Amino acid sequence: MNFGKALTDIATAPARAALAIADAGLSMATGAVGMAQRTLGEAADGGAGSASFATMLGLNDAVERANRLARLMDDDAPLGRALAPNGPLDRLLRPGGLVDQLTTEGGLLDRLTAENGAVGRAVAPGGLVDQVMAEGGLVDRMTTDDGALSRVIAPGGLADQLLANDGLVERVLREDGVADRLLAEGGLLDTLTDPNGPLLKLADVADTLNRLAPGLEALAPTIDALHEAVITLSQVVNPLSNIADRIPLPGRRPRARSASRAVTSRRIIDVEE
């Protein structure tokens with residue numbers, strides 16, 4: 001009888017171990033769920049043990065940060081509107097959008113970072129960066145005791161005025177402020193990044209001008225040749241018109257030939273004087 005019971009215990013031991021592990025996992029999950037409910041204000045009173053367990057794992061802080069991020073990304077929040085489908089950020093980053101046009105091969109970024117581009121000239125020896133950082137240059141003048149930077153960070157200076165209560169920064173970032181209006185649906189940023197907006201139209205105009213430039217350069221020799229041809233034709237037509245004037249035709253009175261008059265050279269008069 002005891003031998004049969006021992007065999008039964010041995011046979012059911014793995015199942016009992018699995019049930020014990022599952023029970024422990026359920027206990028941990030129950031504690032985590034209780035902590036999340038209390039964080040959201042939905043938990044009932046009691047459960048200090050679960051709260052201490054959640055605090056030990058750092059879950060309270062994680063849930064609080066997640067809730068804060070969710071509030072920032074609400075549909076009516078500035079960040080949520082910027083990240084919404086077909087929003088400003090989506091239109092900037094979509095294939096063929098403004099970012100693609102700026103970073104495409106031969107685009108603005110390529111032209112800026114080319115070997116002889118604006119950035120290369122700025123960082124070259126003796127370029128703009130060297131001139132700004134040189135002794136007595138712009139940076140030296142700004143960081144002197146009575147320079148522009150000192151005046152900005154002085155008490156009551158520009159920095160204090162910008163960061164003061166109801167200052168420029170607060171007016172820009174407060175609810176329904178400048179930032180909200182810029183990022184609002186139909187706002188300035190929305191209008192600029194619209195598929196038919198001015199930024200994309202400006203990029204199309206720049207591409208058109210780039211395509212026209214080689215054709216205009218190729219037309220330059222033709223324009224020069226046309227100019228020379230006009231001069232040659234004028235030299236041929238003028239004598240012919242003089243001959244035509246001398247042919248007597250019925251009903252036309254011949255023009256009296258103007259008496260030739262000696263013209264004194266201006267240069268000779270100046271020398272004699």
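FYI, it's all coordinate maths here, none of it is from the lab. Because the structure is a prediction, the values reported are computed rather than measured. Heads up, the Cβs are rebuilt from the backbone with ideal geometry, glycines too, and the neighbour counts pull from every protein chain shown.
If you take the Cα centroid of the stretch 156-235 and the Cα centroid of the stretch 55-133, the two points sit 19 Å apart.
Length gain on complete extension for the stretch Ala62 to Asp130, per 0.36 nm per residue less the alpha carbon to alpha carbon distance?
On the way: separation 68, 0.36 × 68 = 24.48 nm, distance 4.79 nm.
That pair, Ala62 and Asp130, stretches by 19.7 nm at full extension.
All C-alpha to C-alpha distances of the stretch 195-235, sorted into 10 Å bins beginning at zero, yield P(r) values of 25, 26, 22, 17, 9, 2 percent in whole numbers.
Give, in whole angstrom and from largest to smallest, the semi-axes √(5λ) of the equivalent ellipsoid of the stretch 142-224, with λ running over the eigenvalues of the Cα gyration tensor. Intermediate results must be reported in sequence, preceding the final value.
Numbers: eigenvalues 413, 135, 6 Å².
In descending order the semi-axes read 45, 26, 6 Å.
Spin-label model, Asp204/Arg181: points 7 Å from Cα along the beta carbon direction are separated by 2.9 nm. Its convex hull of Cα atoms gives the stretch 97-203 a direction-averaged projected area, equal to a quarter of the hull surface, of 10.3 nm².
Work out how much length Asp194 to Ser234 would gain on full extension: take 0.36 nm times their residue separation and subtract the Cα-Cα distance, in nm to one decimal. It would help to have the intermediate numbers written out before the result.
Details: separation 40, 0.36 × 40 = 14.40 nm, distance 5.51 nm.
Length gained between Asp194 and Ser234: 8.9 nm.
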